[in-house]
Amino acid sequence: MYYKNISKYIYDCNSCPTRCDGKSKGLYLFEKDLDFSEYFEQKIVNHLNKKYNFFAQKTEDNSFPDIEVHKKGVADVWFYIEIKVQKRTFMLVEKILPQSNLKPSETVALNLSDLLRYFSIHDKTKKPIFIFWGLLNRPCIVKKNEYLFFYQNINILKNIYQKYGDKRRFRRKSGKGDVVNGVHKGVTVNYHFSLNELKKFSFK
């Protein structure tokens, strides 16, 4: 696969002509977000199967990352991929998490419970896990009607987590759309990373 290290993604939000409003949307459409994620899951699967000597497919066990990747003709999983789609950033990160060393434009989030679960899965299976963030609607980084993917190995994310601890953890209020058929499915506790701690993924 072709990976490219990224340069610094830090922008002055105060000078942005299309500044994000920084307000909580209050409406968290879990099922719509899931549809977005599944669309990009399939896009990654198709790309890996077409371009490389891999056999990638959706993971049957929902407790594991979204995609399992095999070398063609080999039964054992080679590595896992988890897909997260980010349509908004955490505009108040500097105010709410002042010790996080993060700027709004560079910030991406991951469900804290997922992050800890992937640490545990990696420790047990010894299989590499890569977290992929797909960015949409972030005009300081992504052009209109386009998207970019960034990724990182779970070992690197664990090192960052151990460095910052709770300084990058935030619990939001529950909102409309979090509850689906009487079950709370929306993410309320997130852990945050910087794009500058990730690598850019290319579909070329």
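Quick notes on this structure:
- Among D166, D61, the sequence by solvent-accessible area, most first, with a 1.4 Å probe is D166, D61.
- Between amide H atoms placed 1.01 Å from N, distances below 5 Å from A56 occur with N49, H70, all of them 5 or more places distant or on a separate chain.
- Members of K71/K124; K95/K199; K103/K163 lying beyond 23 Å, as alpha-carbon distances in this model show: K95/K199
- Computed from backbone phi with θ = phi - 60° and the Karplus coefficients 6.51, -1.76 and 1.60, the 3J(HN,Hα) list for the stretch 124-133 is 7, 8, 6, 8, x, 10, 10, 9, 10, 10 Hz; x is used for glycine and proline.
- Carbon plus sulfur fraction of accessible area for the stretch 24-159, probe 1.4 Å, in percent: 51
- Computed over the stretch 88-158, the Cα gyration tensor eigenvalues convert (square root of 5λ each) into semi-axes of 25, 17, 9 Å, ordered from largest to smallest.
The values are calculated or read from the model by the stated rules, or taken from the named source; none is laboratory data. What you are looking at is a predicted structure, and each value in this text was computed from that prediction instead of being measured. These area figures cover heavy atoms from the full protein model, side chains too; ligands, DNA and RNA do not enter into them. Shrake-Rupley method; radii C 1.70, N 1.55, O 1.52, S 1.80 Å.
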